[in-house]
Amino acid sequence: MSGHNKWSQIKHKKAKEDAKRGQAFTKLTKEITVAARAGGGDPAHNSHLRLLLEKAKQVNMPLENSQRAIKKGTGELPGVSYESFTYEGYGPYGIAIMVEVLSDNKNRTVAELRRLFNEYGGTLGESGTVAWMFERKSIITIKTDLSEDGLLELLIDADVEVDDIQNMNDDISIISDPKTAMRIKQILDTIACTLEDASIGWIAKGKVELPDEKAAKAYEFLEALDNHDDVQNVYTNLA
């Protein structure tokens, strides 16, 4: 199976560090609020919300934070109205970028993103600029003693088709069609493993490589985007 790109590894490590400092809470509560508004506040009937609540447990976010975010989404509590947007463009040296945001002020957010792109020699494009280079996939990351081959055999025996299983340091990521996410989660519940993350994201169909010096600047740009308060996820085709 293919390996994760370096940006995925950087994001994964950064997410763990942010979780330890509680910095993941703000972005996660936004996501929970929007998911509850879109699909209702009952996780039994809202698969996206259910995945987010699993993630909240993994980063030790207090239960009351999740409940409050859900109630804001369903209108039981007053709160800021966030909208989700996906922006596309080219970063330094032509790398393709997909940026998912949750914002209460679209004009402010897009102006700040355009400034960041320009600052690093990139260009924020129109809808469809680079989306054709990516596919929407489920990404479930776990910690387990099973090998990649052992995990793949388990899923095949359960008649579940996956696109890829990738080893990322001590964790394993399972990439599949979003429709199979909950079935995979059910299978994982039967083995000894710890859920590290579960999300639906953009996976590049092909990867591009840059020399070390240029790649370093590209990763600096990706981290600058990821650190923006309104940015939820950043995806790239950089290897």
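The values are calculated or read from the model by the stated rules, or taken from the named source; none is laboratory data. This one's a predicted model, so the numbers in the text were calculated from it and none came from an experiment. FYI the Cβ positions are ideal-geometry reconstructions off the backbone, even for glycines, and counts take in every protein chain you see. Side chains are part of the model used for accessible areas, which takes the heavy atoms of the whole protein and leaves out ligands, DNA and RNA. Shrake-Rupley method; radii C 1.70, N 1.55, O 1.52, S 1.80 Å.
Descriptive notes on the structure:
- The one condition in (1) of a type in the set (D, E); (2) at pLDDT 90 or above; (3) loosely packed, with under 14 Cβ neighbours inside 10 Å that D230 fails to fulfil: (3)
- Hey, S138 surrounded by fewer than 19 Cβ atoms within 10 Å (Cβ to Cβ), modelled with pLDDT under 95 and closer than 25 Å to A96 by Cβ or not: no
- Complete set of residues in the range 184-239 that are more than 20 Å from Y90 (Cβ to Cβ) and among the small types (G, A, S): A192, A198, S199
- Each residue in the range 108-121 was checked for being out of contact with any His (no Cβ under 8 Å at 6 or more places or on another chain), assigned to a helix (DSSP H, G or I) and either open to solvent by 10 Å² or more (accessible area, probe 1.4 Å) or of a type in the set (G, A, S) (or both), and 7 of them qualify.
- Members of the range 85-107 found to be open to solvent by 40 Å² or more (accessible area, probe 1.4 Å), within 18 Å of Q232 (Cα to Cα) and in contact (Cβ under 8 Å) with a residue 60 or more places away in the chain, listed by number: none
- Residues located in the range 87-107, provided they are part of a helix (DSSP H, G or I) and out of contact with any Lys or Arg (no Cβ under 8 Å at 6 or more places or on another chain): G94, K106, N107
- Any strands (runs of 3 or more DSSP E) falling wholly within the range 123-179 and containing at least 2 residues that are out of contact with any strand residue (DSSP E or B) (no Cβ under 6 Å at 6 or more places or on another chain): 164-168
- Candidate set from the range 209-227 (those that are among the small types (G, A, S) and either touching a residue at least 24 places away in the same chain (Cβ under 8 Å) or outside any helix (DSSP H, G or I) (or both)); member that is most open to solvent (accessible area, probe 1.4 Å): A224
- Taking the criterion of being more than 15 Å from L195 (Cβ to Cβ), open to solvent by 70 Å² or more (accessible area, probe 1.4 Å) and either of a type in the set (A, V, I, L, M, F, W, C) or modelled with pLDDT under 90 (or both), the residues of the range 45-77 that qualify are H48, L63.
- If you go through the range 17-43 and keep only what is at pLDDT below 90 and hydrophobic (A, V, I, L, M, F, W, C), you end up with A19, A24, F25, L28.
- Of everything listed in (1) modelled with pLDDT of 85 or more; (2) hydrophobic (A, V, I, L, M, F, W, C); (3) assigned to a loop (DSSP other than H, G, I, E, B); (4) open to solvent by 50 Å² or more (accessible area, probe 1.4 Å), the single unmet condition for V80 is (1).
- L124 being in contact (Cβ under 8 Å) with a residue 40 or more places away in the chain and open to solvent by 20 Å² or more (accessible area, probe 1.4 Å): no
- When each of D157, D197, D189, D170 is tested for being open to solvent by 30 Å² or more (accessible area, probe 1.4 Å), free of Cβ contacts under 8 Å to residues at least 24 places away in the same chain and under 22 Å from N60 (Cα atoms), the lone residue that passes is D189.
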